[in-house]
1. From the label point of residue B:333, set 7 Å along Cα to the beta carbon, how far off in nm is each other copy's matching point, shortest first?
2. Once the convex hull of the C-alpha atoms of segment B:205-321 is built, how many Å³ does it hold per residue, rounded to a whole number?
3. For segment A:224-250, which residues drop by 30 square angstrom or more in accessible area between the chain on its own and all protein chains together (1.4 Å probe)?
4. In degrees from 0 to 90, rounded to the nearest 10, what is the angle of the helix A:94-109 Cα long axis to the longest principal axis of chain A?
5. Using a 1.4 Å probe over the heavy atoms of the protein chains, calculate the carbon and sulfur portion of the accessible area of the protein assembly as shown as a whole percent.
6. Write down the percent of antiparallel bridges among all DSSP beta bridges whose residues are both part of the protein assembly as shown, to the nearest 5.
7. How much area per residue is accessible in the protein assembly as shown when the probe is 1.4 Å and only protein heavy atoms are counted (Å²)?
8. Return the equivalent ellipsoid semi-axes of the protein assembly as shown as a descending list in whole Å, where each equals the square root of 5 times an eigenvalue of the C-alpha gyration tensor.
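The values are calculated or read from the model by the stated rules, or taken from the named source; none is laboratory data. These figures come from a predicted structure and were not determined experimentally. Cβ sites come from the backbone with ideal geometry, for glycine too, and all protein chains shown count toward neighbours. Just the protein is used for accessible areas: all its heavy atoms, side chains included, with ligands, DNA and RNA removed. Shrake-Rupley method; radii C 1.70, N 1.55, O 1.52, S 1.80 Å.
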Protein chains: 2
Amino acid sequence: MRGTQDEIVSTPAVFEEHGRPTLKEIARIARVNISTVSRAINDSPLLPRDTKDMILAIAEKMNYFPNSLARGLVSQKSETLGIILPKIFFLQGPFFSQVLSGIERISVKHGFSILIASATSKTADRHFPFNLTRARRIDGMLIINENRRIRNLNALKQERVPFVLVNRFIEDTNAPCVAADDIGGGRMAAEHLLRLGHRRIGVVTGSHRVAATTDRVAGYRQALTAFDVPFDKNLLEAGLFQQGVETGARCADRLLSRATRPTAIFALSDELAMGVMQAAKERGLRVPEDLAVVGYDNVTFSAHLSPPLTTIAQNPYAIGATACQMLVDMLEGRTPDQANVLIPVRLVVRDSCGSQSAQGTAQQEGEDA
Amino acid sequence: MRGTQDEIVSTPAVFEEHGRPTLKEIARIARVNISTVSRAINDSPLLPRDTKDMILAIAEKMNYFPNSLARGLVSQKSETLGIILPKIFFLQGPFFSQVLSGIERISVKHGFSILIASATSKTADRHFPFNLTRARRIDGMLIINENRRIRNLNALKQERVPFVLVNRFIEDTNAPCVAADDIGGGRMAAEHLLRLGHRRIGVVTGSHRVAATTDRVAGYRQALTAFDVPFDKNLLEAGLFQQGVETGARCADRLLSRATRPTAIFALSDELAMGVMQAAKERGLRVPEDLAVVGYDNVTFSAHLSPPLTTIAQNPYAIGATACQMLVDMLEGRTPDQANVLIPVRLVVRDSCGSQSAQGTAQQEGEDA
DNA sequence: TTGTACGCGTTATCAT
DNA sequence: ATGATAACGCGTACAA
């Protein structure tokens, strides 16, 4: 019951007496100077083995930990990364959690802590997020922002604080970023349907203010162009990512009540796709026979819908990890080889578009990133 | 395009020249002593209006921000809360995100930053999470741990660091905690089925190492006892929360292939319930006619399954917010009126158990916490 | 090899 | 009403 290490380790509360131990305290006990202790703690090559060991033993016994505030004051570093979130950040799905997980993994590996900060209400600090760097709380920032336009990017650059844009892709060497290949994802989904012979492909989107919508639609249009299919903006219906199933169903309803209804629908999230399938069912349309459906995200349940949903899988963990690695590299003086990186997505073919050989060009699973 | 405030505010980069401004720098320019500036910044009542205004104007213009490291060094506080996560924290669902959201909201309101920290691999710091408090990085901690047993709770208490256990309920005035009422939730789900006349109620659980499983099962057993129905441990099948749908289906399969199969199944998550419904369908069993199903969590898609899933809704945002409020209270010297608080859950009745008046006692929606 | 002394930016306690 | 100065805990150039 004590064996595993997923847990808090016990600790002698030695410091009960005089508060937490400091270098001075240790120096007093070890009968050496403070700086000698400091050197021992920092494993300075100047000190001989024995002195070092002697001091380290005492420090260990006293449960000493360097005060990182004092250290930071001297070094002008906090060894902390800030994750900057928009005021209303949609943490609904598992996406953000996975990104965070990737960030966390890399940051601990390099000894950085992470501070989570979201824009507060307007009454609060209007200097956000620069208050954090100006107050020396963080050394760099990972900016998570789903908006299509990054406002005041210039201010960001001027501040001269290392940052990485997470999940927002822009082609700007001065603005490092890591994002999923939303354009590629949109294209792959559309191509899949086009190859199966579909020509009227409806799209159920999220808000056009978020980049996920505009980029994926852009990819969809690329595919259309490649197949010489004219773009018809009446085939687009905008729902809300936050209310995926409801709005997905509503949008699908509108699409399916058109005079010439689409033979396929590309939904920009699996939840939207779920709504689409539901709406189709209610109209007596069979998926995939009467309507092919493609989703986006490959969330856990999508494999278990009936029929199992063909979808685009992203890699949020890799996004977080890569972004964090880039930031750490910058902070440690290395230059990342790429400033703007795209994390590939992949098409997961299941049953919601029918057998691939049924219509159109037969083909297996070649279209991965 | 500049009007909204969801974004980064622009900032004159005045400090380009001499690094970031400090009290000393401002004092030099204002031709006053450092301590005068300090008083102005901290709005000391000793200073007359005009001096204060004069200094503040300069500070503002120079874009001054107090160095929180230096402040912390003096005040012995970091104004930072730590969120402690287990090594492998299942962030799959939206649950954690919502808890985090609640924490974040309250903490910014009180001027605290939040530091995210998960237990690292065993090679790293074996003092986790006390390294954080000992290094003065955080003033208190919110401990998120899904395990049934909290190991070394004593070490935690001995460390004399303010903490709150999040989503783990224990009856211990010395260990403040905030959690969802899992026992109540289990009971409510089972009662619902019992009222509808079911007597053989299968349970698809998660791992028995996590409290969510044991507590909800405990509640289920309470309901059984209240209805004089003997507990049959063969009606329990353990799946995995992380692989909800798959293991849910597998467990349901085992349950449904029993000689006398259950007439209802209580799944401890909506994903598990989804798997249960799928398994039922594959056996040609109709839900709810042949099998009633209750889920847990009320995730977004559960309202849109066919049939819509009856489930237990938790309130993760409230859990986070309440826990954080308690911690802040402790840090600011207030004593929370309750040390161990239970956040109520509620039964959301949909169609997966059939009409309530169909069998058993008719009743409306009285059983909320 | 080890000690001395100063500075990091701030607050607080003295004076004046 | 304001200034000088000593902490806070640590790192480090310089001395010894």
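1. So the distances to the same position in the other copies read 4.6 nm.
2. Details: hull volume 13.1 nm³, N = 117.
Given the Cα convex hull of segment B:205-321, per-residue volume reads 112 Å³.
3. A:245
4. The angle comes out at about 30 degrees.
5. Working: 16350 of 32610 Å².
Percent of accessible area from carbon and sulfur atoms in the protein assembly as shown: 50.
6. Just about 15 percent of them are antiparallel.
7. Numbers: 32610 Å² over 738 residues.
The answer is 44 Å² per residue.
8. Working: eigenvalues 472, 247, 107 Å².
Values for the protein assembly as shown, descending: 49, 35, 23 Å.
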